[in-house]
Structures are given as structure tokens and as C-alpha cells.
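Encoded as C-alpha cells, the structure appears first; notes follow it.
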Amino acid sequence: MKAWRVHELGEPSAVLRLEEVERPEPGPRQVVVRVAGAAANFPDVLMCRGLYQVKPPLPFTPGVELCGEVVAVGAEVAEIAVGERVLGGAVLPHGGFAEFAIMDAAQTFPAPRSLDDAEAASLFIGYQTGWFGLHRRAGLKAGETLLVHAAAGGVGSAAVQLGKAAGARVIGVVGGAEKASYAEELGADVVIDRHRDDFVQVVKELTNGRGADVIYDPVGGDVYQRSTKCIAFEGRIVVVGFAGGDIQTAALNHALVKNYSIVGLHWGLYNTYDPASVSECHRALTTRAAEGLIRPLVSERLPLDQIADGVQRLADGKTVGRVVYAP
Ligand SMILES: NC(=O)c1ccc[n+]([C@@H]2O[C@H](COP(=O)([O-])OP(=O)(O)OC[C@H]3O[C@@H](n4cnc5c(N)ncnc54)[C@H](OP(=O)(O)O)[C@@H]3O)[C@@H](O)[C@H]2O)c1
């Protein structure tokens, strides 16, 4: 089979190689799928660079979330059958940017019928992260104001839709006009182009000086620091990631004086500490997808030979919406 593989660490376009390799075999609690869609995520970039908390052994195939058809199941997998259409997380080194990939049975879920393969491939990491961040960690309530940074990105776009589905007023921050149109299409009530406007000032104007109740921040660095200037009394800033490249430190005296919470989020840990909640979340997402409340907006469906270029453009902050390998 064909697979993109990383043999040494560096920028995705420099280190990803398309190769002919053996089809992988499942371990006892794993399944092998024929990949029907694999969405590009920032962690794929960080793994190529060797900067992600998970460091797969070299050589590895990236592609951390996918949708596929089960073609083989491990000896101890009774709950999933060959032929099923599933989505979930890949087990690296056998990720989704290949013709076949390996999934952990515990992180394999039925793909919703209401979504096509590329959309279903994008329903796992971003939406699960958004669900746990907004509901479980930040306790977002209907009528509250939610500010989402990188609102046209992978986790940001999911947070926009989930915020709207929860009845919040959603303000999305994006870089550039093309991303602004995309965030509007996602359903954001107000979109701020950070290249043109100062989000702190706009949020204050829109909330009569009060600030946003919840701020969802996958960018970090200076974006976090400026977010503390427009967080509401009893607001919650969800620390999701550091796509901007700088890991900020928090001024706790400021959190005390302004009475807000800084909420860390590591979605992957729910798979370890509370796997039942991940299944419950998947059921809730499936229902919302069937109701038409959420739908991943796939902007690029790329053949296998073009996905490395898509991952590099994601690394450079140039992609708009979900970029998916779609065979
Ligand atoms: N906490 C968790 O459990 C969890 C789960 C999944 C992902 N994450 C993290 O969330 C972050 C976002 O991941 P993603 O896959 O959704 O990526 P993404 O949003 O598709 O891409 C990053 C976006 O960040 C913005 N950005 C601002 N400054 C940037 C810079 N200097 N370089 C690159 N991008 C910059 C850009 O959007 P604009 O130009 O529109 O601002 C860019 O499109 C990553 O750090 C990832 O590791 C965390």
C-alpha cells in the first residue's frame, strides 16, 4: 500500500515521503481500516517537527483522525465488525495519510450517516475538544458570549458551531478576508479579522465593556495576554493550544483582581481517565450532526499525493477550513 512516512524530523514538506509499504496488521485490541478520509490537524505538523507531546517511533505515518471501512479486527475485538464505517483516532506509527491505517478499538466509533466520509473524518478531535472545552471545562451557558480565536481552523471552527448549538453568541477571530467568510459560513454571529481590527476593542464594544464570558484559545502567546483584557467578570479562558508558537505564562494576580478562571484542556486525557465520557460525547455529536446543528466545513479534499502539501500549508497558517485526504 502507499503511505506518507516521516524518517527524520523537520518541516512537513521536507520530511514527508510517499512510499510503498506493507499493509499493517491489527494488535489484539486494534482494527485496520481502508482510509476513506483523514483530516489534517496541527498535531500532525508538531509530530513531523518532533514538538508534540506524543512522539511516535520513526518512521511513522501521520494523520491523527480519520474515517474508514474496517477490513480486519484484532483477536480481542468483539464489538466492531469487518465492513463497518467508523471514525476516530489513528494509532501511530500507522496514521491516516495512507491507504490503510490502524485504530484503537476503544477510540473507534460509528461514523454518522448524515456526514460524508471527509466530514466524518473531521468530527473527532476538533469537535470532541470543543465539546469538552466548552461544556465540561468552561460550563458555557445559553445567552453567554463566546470568543473563539483561530475560528477558521480545525479546533476553532468546531468551537464556533458547538457554541452556536449551545445558544451562545459567538464572536470569531480570524486572520484575513477568506477566513472571515469561512467563519461567517460556520455561523459565527460576529467575525473579527485580526489583521484589520483589535479584537479587545471590538469585544468590549459588543459587550458594553463587560467582555466575553468564555474565550476559547488555540493560539496562545500574545493572543492569550490580550484575551485577559476582554474577559468578563467570572469569565473562563480555555487554554487549548499554542499554534502561535509561544507558550505564555499567566499573571495570577490579574486573574484574582478581575475574578476570571484560566482553564487548561487536554482532551486526550479523557480517553485515559474517563473513556465513557468520550463515547457519550460522540453520541451527542452524532445527534447534533443529524439535527443539522453541526457539520464540519471541508474546504479541500485532496488525493493522497497532495496531502503533504496541505499539512505544510496548515503549518504555515495558510489553510482555510478543514483539509482532508479524500481518496
Ligand atoms: N488541548 C487539546 O486537547 C487540543 C486538541 C487538539 C488540538 N489542540 C491544539 O490546538 C491548536 C490548533 O490546532 P488546529 O489543528 O485547530 O490548527 P489550525 O487552527 O487549523 O491552525 C492554526 C491557526 O492558528 C492561527 N495562528 C495564529 N498565529 C499563528 C502562527 N504564528 N502560526 C500558525 N498559525 C497561527 C491561524 O489562524 P488565523 O490566521 O485565522 O488566526 C492558523 O490557521 C494546536 O496548538 C493544537 O496542538 C489542542
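The values are calculated or read from the model by the stated rules, or taken from the named source; none is laboratory data. Treat the numbers as computed from the prediction; the structure is a model and nothing was measured. All Cβ positions, glycine included, derive from the backbone under ideal geometry; neighbour counts span all protein chains shown. Accessible surface areas use protein heavy atoms only, side chains included; no ligands, DNA or RNA. Shrake-Rupley method; radii C 1.70, N 1.55, O 1.52, S 1.80 Å.
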**OP:** Answer yes or no: is there a residue in the range 292-303 that is open to solvent by less than 40 Å² (accessible area, probe 1.4 Å), hydrophobic (A, V, I, L, M, F, W, C), within 15 Å of the ligand (Cβ to nearest atom) and assigned to a helix (DSSP H, G or I).
**Re:** no
Subject >> Per-region count, the range 35-58, residues more than 10 Å from Leu9 (Cβ to Cβ) and either within 14 Å of the ligand (Cβ to nearest atom) or crowded, with 16+ Cβ neighbours inside 10 Å (or both) >> reply: 16
Subject >> Residue match in the range 268-282 (condition: more than 13 Å from the ligand (Cβ to nearest atom), assigned to a loop (DSSP other than H, G, I, E, B) and of a type in the set (D, E, K, R)) >> reply: yes
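Taking the options Ala243, Ala289, Ala180, name whichever one is part of a loop (DSSP other than H, G, I, E, B) and open to solvent by less than 60 Å² (accessible area, probe 1.4 Å).
Unique residue meeting the criteria: Ala243.
State which residue is surrounded by the most Cβ atoms within 10 Å (Cβ to Cβ) when the search covers only the range 248-278 and only residues that are closer than 23 Å to Trp131 by Cα and among the β-branched types (Val, Ile, Thr).
The initial filter retains those residues of the range 248-278 that are closer than 23 Å to Trp131 by Cα, namely 260-278.
When the remaining residues are screened for being among the β-branched types (Val, Ile, Thr), the result is 262-263, 272, 278.
Values: Ile262: 19, Val263: 19, Thr272: 9, Val278: 22.
The qualifying residue surrounded by the most Cβ atoms within 10 Å (Cβ to Cβ) is Val278.
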Subject >> Residue that is farthest from Gly176 (Cα to Cα) [pool: residues in the range 269-304 that are out of contact with any strand residue (DSSP E or B) (no Cβ under 6 Å at 6 or more places or on another chain) and of a type in the set (Asp, Glu)] >> reply: Asp274
Original post:
Taking the range 122-133 only, how many residues are open to solvent by less than 10 Å² (accessible area, probe 1.4 Å), more than 12 Å from Gly321 (Cβ to Cβ), out of contact with any Phe, Trp or Tyr (no Cβ under 7 Å at 6 or more places or on another chain) and within 13 Å of the ligand (Cβ to nearest atom)?
Top reply: 3
Original post:
Which residue pairs have Cβ atoms under 6 Å apart, sit 6 or more places apart or on different chains, and have a first residue in the range 239-266 that is touching a residue at least 40 places away in the same chain (Cβ under 8 Å) and of a type in the set (A, V, I, L, M) and a second that is open to solvent by 60 Å² or more (accessible area, probe 1.4 Å) and more than 8 Å from the ligand (Cβ to nearest atom)?
Top reply: Val263/Arg137; Leu265/Arg137
Original post:
Any idea which residue in the range 218-240 is surrounded by the fewest Cβ atoms within 10 Å (Cβ to Cβ), counting only those that are near the ligand (Cβ under 9 Å from one of its atoms) and closer than 15 Å to Arg137 by Cα?
Top reply: Val239
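Is there a residue being in a helix (DSSP H, G or I), basic (Lys, Arg), open to solvent by 10 Å² or more (accessible area, probe 1.4 Å) and out of contact with any strand residue (DSSP E or B) (no Cβ under 7 Å at 6 or more places or on another chain) anywhere in the range 152-170?
Initial filter on the range 152-170 (in a helix (DSSP H, G or I)): 154-165.
From what is left, the residues that are basic (Lys, Arg) are 164.
From the residues that got through so far, the ones that are open to solvent by 10 Å² or more (accessible area, probe 1.4 Å) too are 164.
Filter again for out of contact with any strand residue (DSSP E or B) (no Cβ under 7 Å at 6 or more places or on another chain), leaving none.
Scanning the range 152-170 turns up no residue that is in a helix (DSSP H, G or I), basic (Lys, Arg), open to solvent by 10 Å² or more (accessible area, probe 1.4 Å) and out of contact with any strand residue (DSSP E or B) (no Cβ under 7 Å at 6 or more places or on another chain).
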Subject >> Some residue of the range 143-154 being in contact with a Pro (Cβ under 8 Å, 6 or more places away or on another chain) and at positive phi >> reply: yes
Subject >> Of all residues in the range 212-238 being assigned to a loop (DSSP other than H, G, I, E, B) and in contact (Cβ under 8 Å) with a residue 60 or more places away in the chain, the one that is nearest to Asn41 (Cα to Cα) >> reply: Pro218
Original post:
Restricting the search to the range 313-327, which residues are away from the ligand (no atom under 12 Å from the Cβ), over 13 Å from Glu119 (Cβ atoms) and either among the charged types (D, E, K, R) or outside any strand (DSSP E or B) (or both)?
Top reply: Pro327
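From Ala180, Ala243, grab the single residue that is within 16 Å of the chain's Cα centre (by Cα) and either within 21 Å of Ala142 (Cβ to Cβ) or near the ligand (Cβ under 10 Å from one of its atoms) (or both).
Details: Ala180 fails: within 16 Å of the chain's Cα centre (by Cα).
It is Ala243.
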**OP:** Six or more apart or on different chains, Cβ under 8 Å: which pairs go from a residue in the range 154-178 that's in contact (Cβ under 8 Å) with a residue 60 or more places away in the chain to one that's polar (S, T, N, Q) and more than 8 Å from the ligand (Cβ to nearest atom)? Could you list them?
**Re:** Gly154/Ser122
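Report whether or not Gly74 is within 27 Å of Asp309 (Cα to Cα), open to solvent by less than 20 Å² (accessible area, probe 1.4 Å) and either of a type in the set (Ser, Thr, Tyr) or modelled with pLDDT of 95 or more (or both).
When the stated conditions are applied, Gly74 does not pass them.
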